[in-house]
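Encoded as structure tokens, the structure appears first; notes follow it.
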Amino acid sequence: MKHPAKSVKKKPLKILFAASEAVPFVKTGGLGDVCGALPKILKKRGHDVRLVLPRYWAISHEQYGLKSVLGSMGVATGNGVLWCQVFEAQIDGFTVYFIEHEHYFGRAGLYDDGRWEFLDNPERFGFFARACIQLCQDLKFQPDIIHCHDWQTALIPPYLKIWESRNPFFQKTASVFSIHNIAYQGTFKADVYPFLALGSENFTDSKFENFGGVNFMKGAIFYADAVTTVSPSYAQEIMSEPGGNGLSVYIQRRQADLFGILNGADYDHWDPETDKLIPTTYSARDMSGKKKCKQALQKEFLLEEKDNVPIVGIVSRFAEQKGFQHLAIVMHSILRDMSVQFAIVGSGDKGQEDFFGGLPAYCGGRVGTWIGYNNHKAHLVEAGADFFLMPSLYEPCGLNQIYSMKYGTLPIVRATGGLRDTVAQYDEKTGSGTGFLFYDATPRAIYDTIGWAVSTFFDRPQHLAQMRKRAMLEHFSWLDSAKKYEEVYQKALQRRAAWS
Ligand code: ADP
Ligand code: GLC
């Protein structure tokens, strides 16, 4: 179902989105989903939105019809001027610019080589931040707002204030910094600081200095005109420790300019009524297609092909944040005690890859695992599973629980961050709710809550059917979020005007 994005009443803004990933070009997680979807809806609302990304090796000139703009562009760094090329493409009605610098971005990985982070990440993304600012000037695109996302673009707000605040071109440009995950701050050794050219007077505890090194995100929290994060609960959590990952005190200082805005879902991509990646489409009115998707999932993941057993789906990065180390501890007990199957798609932590990847050999027919990144399989799991598990230790927003609700696949989630804000707890007495929440970050809580969901599948099927319908009717609209961002942009412009 499409929702018209009513156009904006206030004066349309010129907005530059600066990001390190965005669908459909490159994605390693939810950041890519958000940076593909939000510009699209803001554009539909009448703003002049443009997106800028690094031109990684994976983004092919031919596939996206990239056209050269500007010829060469010189970017000033602490090591002198570095030259790059700029390309553009049109997608979903808006312009995307690509900064091409073979040495920095002509690599298969975005941030790492699959095992180790690139050692020159601070130079790569410091350069990218300067390039985004230079791009505006060379294009004569004078943005009202530069909207930056996570540590990779965190130096843009500081550069605007430190280098450009007296530049008439940027006199009215405000910056908004969105924290998608405060655990990834962009912390590096201090020896990169001269290259970044942020000024020794700014190498202080309140700005960039952190345990003697440099912290990109800290600088953005100080300098951005407004700071946002991706759910109201997470905005609260990062104001104290451990949620703030050491930055809570700096976040508190910006409390008046901090906004928690829930992510939406891009239902152009994630809707069982229209999804082209699943075997059969279905809707809340006619769920017969979901049965076929379950059969296809069982086939694809080499699970026993039977309908009367629930499947728990998992699609995730295997990172400590996601909490699957706790599932690993109780996995054998769950399989021993419960009639349940698992369909798992994930990659990341090598120990977890080995553990979950090894399970099908021991529990053939009950656990199917795909190690790696696979969008097609991610859609199949969303559609074919009965439940979707996210036992996160923390979760700024989380998108998969939102997608899974739309597919009638009930989330089993830990009540943290955006998971708490999006999933309504099941009430066994009334049958209300859209999923199963637990509170303790322990293996036992995962065991108990999967048990609760499984017993609901067998003992209260009428509740399950009602919950599915209710979950499918939930709508996490980007339109609502976009309107809230518009308010934040106005507040940021006011802050910018007050900055001397
Ligand atoms: P995070 O950004 O912390 O990884 P989110 O829930 O916000 O978590 O978003 C994750 C996104 O990445 C979802 O769109 C999900 O489908 C996708 N994803 C994660 N792991 C995989 C994988 N192994 N294969 C395909 N898609 C994946
Ligand atoms: C981060 C968070 C995730 C969030 C995503 C998009 O990767 O871990 O919770 O949904 O960003 O904002």
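When the range 1-22 is filtered for residues that are farther than 17 Å from ALA492 by Cβ, of a type in the set (A, V, I, L, M, F, W, C) and modelled with pLDDT under 95, the ones remaining, listed by number, are MET1, ALA5. For the range 361-394, give me each residue that is in a loop (DSSP other than H, G, I, E, B) and within 12 Å of ligand 1 (Cβ to nearest atom). Of everything in the range 361-394, those that are in a loop (DSSP other than H, G, I, E, B) and within 12 Å of ligand 1 (Cβ to nearest atom) turn out to be GLY372, TYR373, ASN374, SER392, LEU393, TYR394. Of the strands (runs of 3 or more DSSP E) lying entirely inside the range 215-327, those carrying at least 3 residues that are closer than 27 Å to TYR439 by Cβ and open to solvent by 10 Å² or more (accessible area, probe 1.4 Å) are 258-260, 311-318. Within the range 13-33, residues that are assigned to a loop (DSSP other than H, G, I, E, B) reach partners that are within 10 Å of ligand 1 (Cβ to nearest atom) and polar (S, T, N, Q) with beta carbons closer than 7 Å, at six or more positions or on different chains, in the pairs GLU21/THR28.
Restricted to the range 63-109, and to residues there that are assigned to a loop (DSSP other than H, G, I, E, B) and touching a Pro at 6+ places or on another chain (Cβ under 9 Å), the residue that is modelled with the highest pLDDT is HIS101. Checking every residue in the range 23-31 against the condition of being aliphatic (A, V, I, L, M), touching a His at 6+ places or on another chain (Cβ under 7 Å) and within 16 Å of ligand 2 (Cβ to nearest atom) gives at least one match.
The number of residues in the range 340-377 being within 16 Å of ligand 2 (Cβ to nearest atom) and open to solvent by less than 10 Å² (accessible area, probe 1.4 Å) comes to 1.
Does the range 395-413 contain any residue that is open to solvent by 30 Å² or more (accessible area, probe 1.4 Å) and part of a loop (DSSP other than H, G, I, E, B)? No: zero hits.
May I ask you to say which residue of GLY364, GLY346, GLY357 is more than 21 Å from SER455 (Cα to Cα), touching a helix residue (DSSP H, G or I) at 6+ places or on another chain (Cβ under 8 Å) and outside the structural domain of VAL23 (by TED's automatic domain parsing)? Every option except GLY346 fails the conditions.
The values are calculated or read from the model by the stated rules, or taken from the named source; none is laboratory data. Keep in mind that what you see is a predicted model, and the values were worked out from it rather than measured. Using ideal geometry, Cβ is built from the backbone for each residue, glycine included, and neighbour counts are taken over all protein chains shown. Note: areas computed on protein heavy atoms with side chains; ligands, DNA, RNA excluded. Shrake-Rupley method; radii C 1.70, N 1.55, O 1.52, S 1.80 Å.
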